[in-house]
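To keep things clear, I will list the structure first and then write my remarks on it.
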Amino acid sequence: MKKNMGLTDRIIRIAVAIFVLVLYFMEVINGTLALILGGFAFIMIGTSFVSFCPLYMPFGINTTKKEPK
């Protein structure tokens, strides 16, 4: 797996996942919505830690900084 996520992308994903967890623990979201958003939060944290998003591949998206030649 080649990294295709930059630092800013990873930070935003982790922040959104933490926000979803806060909403859940404050009981703002519950039931099916909590399960769906919790699943997305889990996926966002996982992709942030490995710096790879499989959905970026088909679209050719790469948010990493380009290395100077």
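The values are calculated or read from the model by the stated rules, or taken from the named source; none is laboratory data. Source: prediction; values computed, not measured. Quick reminder, even Gly has a Cβ in these numbers, built from the backbone with ideal geometry, and neighbours come from all protein chains shown. Areas reflect the complete protein model, heavy atoms only, side chains present, ligands, DNA and RNA absent. Shrake-Rupley method; radii C 1.70, N 1.55, O 1.52, S 1.80 Å.
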Query raised in the report: Ile43 fails exactly one of the following numbered conditions: (1) in contact (Cβ under 8 Å) with a residue 12 or more places away in the chain; (2) part of a helix (DSSP H, G or I). What is the number of that condition?
Result: (1)
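Can you tell me which residue is nearest to Ile14 (Cα to Cα) among those in region 39-69 that are of a type in the set (Ser, Thr, Tyr) and either modelled with pLDDT under 90 or out of contact with any Pro (no Cβ under 9 Å at 6 or more places or on another chain) (or both)?
Ser48
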Report task. For residues that are surrounded by 14 or more Cβ atoms within 10 Å (Cβ to Cβ) and more than 10 Å from the chain's Cα centre (by Cα), scanning just region 7-29, find the one that is farthest from Ser51 (Cα to Cα). Result -> Ile29
Requested in this report: List the number of the failed condition for Thr32; all other conditions in (1) open to solvent by 90 Å² or more (accessible area, probe 1.4 Å); (2) at pLDDT below 95; (3) of a type outside the set (Lys, Arg) hold.
Outcome: (2)
Query - Matching entry among Pro54, Pro58 (being outside any helix (DSSP H, G or I) and at negative phi) - result: Pro54
